[in-house]
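The values are calculated or read from the model by the stated rules, or taken from the named source; none is laboratory data. None of these values were measured; they are calculated from a predicted model. Every residue, glycine among them, receives a Cβ derived from its backbone with ideal geometry; neighbour counts consider all protein chains shown. Areas reflect the complete protein model, heavy atoms only, side chains present, ligands, DNA and RNA absent. Shrake-Rupley method; radii C 1.70, N 1.55, O 1.52, S 1.80 Å.
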Amino acid sequence: MNHNVQTLPQLLHVGIIVPLYNEAVGVQEFHKRLCAVLDRLPYQFNIWYVDDGSEDQTGAIVTNISAHDSRVTLLQLSRNFGHQIALTAGLDHADGDVVITMDGDGQHPPELIPQLLELYEQGYEIVFTQRIEAAGASLFKRLTSKGFYWLINRLSETEVLFDSADFRLMSRDVVLGLRQIREYHRFIRGLVIWMGYRRALVRFEPDQRIAGTTKYSVRKMLNLASNAVFSFSTLPLKLAILLGFVLVLLAVAEGVYTLYFFISGQRSLLVPGWASLMFALLGIGGVQLIMLGVIGQYIGLIFQEVKHRPLYLLRGQASARQQIEAEEALHERTA
Ligand code: UDP
Ligand code: MG
């Protein structure tokens, strides 16, 4: 018997997803910086660059990078779909026991990757990151960001961490779960919290952009904020009910006020027609708003239904699927 045969320990496969929009000037340097970190780690890495319909040379440069680095795959979107969709495309295509998403502008330091993977090895299924705001960020960006997180946390049941970033590690289970969530207006930072799983948090100081300026225009930021608020909250739909009740209360108060004039014998002080008109106005307005709110409730329910979010998510899905695939492969070979 040969006892010398040793099986090498299976290397953990790590997928890295990087969305890029017009990052031609910085992507080469980003890739170098990323590789400097990856080359020191005992894992098998694959990198998915998602070109989100760049109008510059981003696609050509990444094609060139992938020609020299077999770990690199380029996914090219047909037009600019936006950061969240680019991330989704990456998550749909990347495989690995664990996946990390990060920006390609150098603001998410690749040097943090070992720490994220260490937490994964400790059993965490999602490792979030949170920006410690660097002094360099503009007041406008800081204020809008603070305001946004304040609002979303007031409105939604899913708590979204202040200053969280789309720099995140997810186990294969989490990625498979995320793939089941197909809603069009998506805010991945919120979805991942909604999913649950064992999670850890790492804080980091964002670096300066390697080159270029932010690709998140004010319009794109507003779009993301409205997707976040409206896809995680049906509260705005319920506002009508609240307002309706306020009006009905006012109608009642007005009725009491009028009654006081009648009882105290000061009826003559009332302008004729004022009381009845006012009462009808407030009453009808209130009832209409309440009915609108009731319709809003139904629309809220429909809204939640059409999103088709999975009703629950399981742990161990990834290994179950791997087992099925292995069995199928075996079946094919023996058939
Ligand atoms: N990005 C993208 N599609 C877009 C906008 C941005 O893929 O429509 C990418 C961008 O190239 C970068 C990441 O998303 O890698 C984050 O964008 P950016 O750095 O401009 O946002 P900021 O850090 O200023 O919030
Ligand atoms: Mg950035």
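What the table shows:
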| quantity | calculated |
| --- | --- |
| Antiparallel content of DSSP bridges confined to the chain, in %, to 5 | 25 |
| Efficiency of FRET between Leu139 and Arg219 - r from beta-carbon atoms, R0 30 angstrom, step 0.05 | 0.90 |
| Probe 1.4 Å, all protein chains present, accessible-area order of Ser145, Ser276, largest first | Ser276, Ser145 |
| Dipole in debye (nearest 20) - the chain, about Cα centre, beta carbon charges: Lys, Arg +1; Asp, Glu -1 | 1080 |
| Accessible area of the chain belonging to carbon and sulfur atoms, whole % at 1.4 Å probe | 61 |
| Protein-only accessible surface order, largest first, of His108, His13 at 1.4 Å | His13, His108 |
| Gaussian network model of the chain, springs between alpha carbon atoms under 10 Å - residue of Ser66, Ser156, Ser217 with greatest fluctuation | Ser217 |
| Residue among Val229, Gly285, Leu178 farthest towards the positive dipole end of the chain, charges placed on Cβ | Gly285 |
| Net dipole in debye of region 102-247 [+1 Lys, Arg Cβ; -1 Asp, Glu Cβ; about Cα centre; nearest 20] | 580 |
| Sites matching GluC sites (Glu not before Pro) across region 122-227 that sit in DSSP coil, with at most 15 neighbouring C-beta atoms within 10 Å | Glu133, Glu157, Glu159, Glu183 |
| For the chain: accessible area per residue (Å², 1.4 Å) | 57 |
| Radius, Kirkwood style, for the chain when every pair of distinct Cα atoms is counted (Å) | 23.6 |
| Lys146 versus Phe262: modelled label distance in nm, points set 7 Å from Cα along the beta carbon direction | 5.4 |
| Helix runs (DSSP H) in the chain reaching 15 Å along axis by Cα, Kyte-Doolittle at least -1.0 | 24-38, 58-68, 83-93, 139-155, 218-232, 235-263, 274-306 |
| Ordering of 38-49, 289-300 by burial proxy (mean other Cβ atoms within 10 Å per residue, highest first) | 38-49, 289-300 |
